[in-house]
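Encoded as structure tokens, the structure appears first; notes follow it.
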Amino acid sequence: MNFIPRLIGLGLLSLLVFLVISCDTARRTTNEFGSPNPIEGEVIAKPESRQIVRFTDSTAEYTTSRSELATAFIREFGDGTVVDKIQVRKAPARTGEPVKYYLIGMGLRSGSFRAMALPLVSGGDNTYYLRPSAESYIITSAGCTSCFFNFENSRIVSTSCSENSPGSHCDLKVVPANTLFTKR
């Protein structure tokens, strides 16, 4: 009868070993969106972020077409502005500062110059993304054929008018977020 307690003990030991082996003690962590493999770089690309451009040795490859970007800018302005020029521009920076790029859409509304700049974030591998939480810098001209964004420490701080005529100026409005690619 010594055989039965040993058999029960062996059975319990086997069950314990099975349970320990089946438990995943080295769980992979995931980010808040469930992705176990985040993109390396300055920012983790979130599902609502949109890849805009990838830089190669000699060119900028738009991963979102310029026509799609123009349509999105027109929808974002929402006031009849027709955007006909899209570009990604590097912000002037001091030596040693990180490179910052802006997605810029330019066009006209009732004959007046309009532009919107949105900062892009690095996703690593020379790719840049637009986040919905990125601020929008919007220029509206009054008497200027074109306006320019003025930078300080890679950030847009003001605007300037292409003309120096009295009464001509460019107004800058900063909106804390954008809905460029948000489903409406």
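The values are calculated or read from the model by the stated rules, or taken from the named source; none is laboratory data. None of the values given here were measured: they were computed from a predicted structure. Every residue, glycine among them, receives a Cβ derived from its backbone with ideal geometry; neighbour counts consider all protein chains shown. For the accessible areas, the whole protein counts, side chains as well, though only heavy atoms, and no ligand, DNA or RNA atoms are used. Shrake-Rupley method; radii C 1.70, N 1.55, O 1.52, S 1.80 Å.
The rows are residues; the columns are (1) in contact (Cβ under 8 Å) with a residue 60 or more places away in the chain; (2) not polar (S, T, N, Q).
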site	(1), (2)
85	no, yes
93	yes, yes
104	no, yes
107	no, yes
112	no, no
116	no, yes
121	yes, yes
125	yes, yes
Residue under question is residue 139, and the condition is that it be assigned to a strand (DSSP E or B), in contact (Cβ under 8 Å) with a residue 12 or more places away in the chain, touching a Pro at 6+ places or on another chain (Cβ under 9 Å) and under 17 Å from residue 91 (Cβ atoms); does it hold?
no
Look through segment 89-112, keep the residues that are β-branched (Val, Ile, Thr) and closer than 23 Å to residue 51 by Cβ, and return whichever of them is least open to solvent (accessible area, probe 1.4 Å).
104
Just need a number here: residues in segment 23-64 that are in contact with a strand residue (DSSP E or B) (Cβ under 6 Å, 6 or more places away or on another chain) and modelled with pLDDT of 50 or more.
11
Tell me, yes or no, whether segment 113-132 has at least one residue that is over 25 Å from residue 50 (Cβ atoms), open to solvent by less than 70 Å² (accessible area, probe 1.4 Å), out of contact with any Leu (no Cβ under 6 Å at 6 or more places or on another chain) and part of a loop (DSSP other than H, G, I, E, B).
no
Looking for whichever is part of a strand (DSSP E or B), surrounded by 14 or more Cβ atoms within 10 Å (Cβ to Cβ) and either aromatic (Phe, Trp, Tyr) or within 12 Å of the chain's Cα centre (by Cα) (or both) here; the options are 148, 181. Which one fits?
148
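Do we find a residue being in a loop (DSSP other than H, G, I, E, B), of a type in the set (A, V, I, L, M, F, W, C) and either touching an Asp or Glu at 6+ places or on another chain (Cβ under 8 Å) or farther than 27 Å from residue 68 by Cα (or both) anywhere in segment 154-170?
Of segment 154-170, the ones in a loop (DSSP other than H, G, I, E, B) are 154, 162-168.
Filter once more, keeping what is of a type in the set (A, V, I, L, M, F, W, C): none.
No, segment 154-170 contains no residue that is in a loop (DSSP other than H, G, I, E, B), of a type in the set (A, V, I, L, M, F, W, C) and either touching an Asp or Glu at 6+ places or on another chain (Cβ under 8 Å) or farther than 27 Å from residue 68 by Cα (or both).
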Matching residues in segment 65-111 - criterion: being assigned to a loop (DSSP other than H, G, I, E, B) and in contact with a strand residue (DSSP E or B) (Cβ under 7 Å, 6 or more places away or on another chain):
79, 80, 81, 91, 92, 99, 100
